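Colleague: Here it is, the structure, as structure tokens.
The values are calculated or read from the model by the stated rules, or taken from the named source; none is laboratory data. Note that the coordinates shown come from a computational prediction; the quantities given were computed from them, not determined experimentally. All Cβ positions, glycine included, derive from the backbone under ideal geometry; neighbour counts span all protein chains shown. Surface accessibility is based on the protein's heavy atoms, side chains included, excluding ligands, DNA and RNA. Shrake-Rupley method; radii C 1.70, N 1.55, O 1.52, S 1.80 Å.
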Amino acid sequence: MFHTFNRKFNREMTIIHPGEYSAGSEDIIICTILGSCVSVILIDAKKPCSGMNHFMLASGHGKHMPIEDLSGRYGVNAMELLINDMMKHGSDRSSLTAKVFGGGHVIDTQNTNAIPETNVQFALDFLEAERIPVVSQDTGGVHGRNLLLFARTGQVLLKRFTGNLASRAAQEELEYLEKLRARQQKPVSDITLF
């Protein structure tokens, strides 16, 4: 997570990366850049509060998952972390609505890689199971997305991109994915807690 100031909108801005999330009721901007990853934005319909997550994979696999992998990198955790953060800010789960973004094929548009579709489908299935209505979505395609969420209002500005910026986002996602896969294959040492 990186904090900066957006001069164009004259507001504090929090930039989130894969595995991160942020929520708040302050007059701030929460920003991320997506390729095949997905971001779910939750908005409280009854109070000025919203939040965003950014996950790379729907779930982790492997029977020896280290504790640190139970983080927002995976959709199942990212959703619970964001919902809990919204509730810490005073939101009621029953008043949440959602917007879903991402899942673009920016890495290789000729590849039949199912990660983008799996991410999007996971998000939609999770929200349906939790009875959180999806009020809008912009998913799929072959472009990346830059999202700006205005936390107080829940308004989202979306910019689609291709070319060098999409290639850079795709490369960062590939590197991050390789790190996740390496962690999943690494055995976890035996730890005994008392």
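Colleague: Among strands (runs of 3 or more DSSP E) lying entirely in the stretch 1-50, which contain 2 or more residues that are over 24 Å from E128 (Cα atoms) and open to solvent by 70 Å² or more (accessible area, probe 1.4 Å)? Walk me through how you get there before you give the answer.
Modeller: Details: elements: 2-6, 11-15, 21-24, 29-34, 38-44.
Filter on the stretch 1-50 gives 2-6.
Colleague: Name the residue, out of L124, L174, L157, that is at pLDDT 65 or above, open to solvent by 30 Å² or more (accessible area, probe 1.4 Å) and more than 15 Å from the chain's Cα centre (by Cα).
Modeller: Working: L124 fails: more than 15 Å from the chain's Cα centre (by Cα); L174 fails: at pLDDT 65 or above.
When all the criteria are applied, what remains is L157.
Colleague: To continue, here is another question. Confirm whether S59 is in contact with a His (Cβ under 9 Å, 6 or more places away or on another chain), of a type in the set (S, T, Y) and either open to solvent by less than 30 Å² (accessible area, probe 1.4 Å) or in contact (Cβ under 8 Å) with a residue 12 or more places away in the chain (or both).
Modeller: no
Colleague: Report whether or not R168 is open to solvent by 40 Å² or more (accessible area, probe 1.4 Å), closer than 26 Å to D92 by Cβ and either modelled with pLDDT under 90 or not in a strand (DSSP E or B) (or both).
Modeller: no
Colleague: Residues being more than 14 Å from the chain's Cα centre (by Cα) and modelled with pLDDT under 85: count how many of those fall in the stretch 41-80.
Modeller: Here the count works out to 11.
Colleague: Restricted to the stretch 139-155, and to residues that are among the β-branched types (V, I, T) and out of contact with any His (no Cβ under 7 Å at 6 or more places or on another chain), which residue is farthest from N119 (Cα to Cα)?
Modeller: T153
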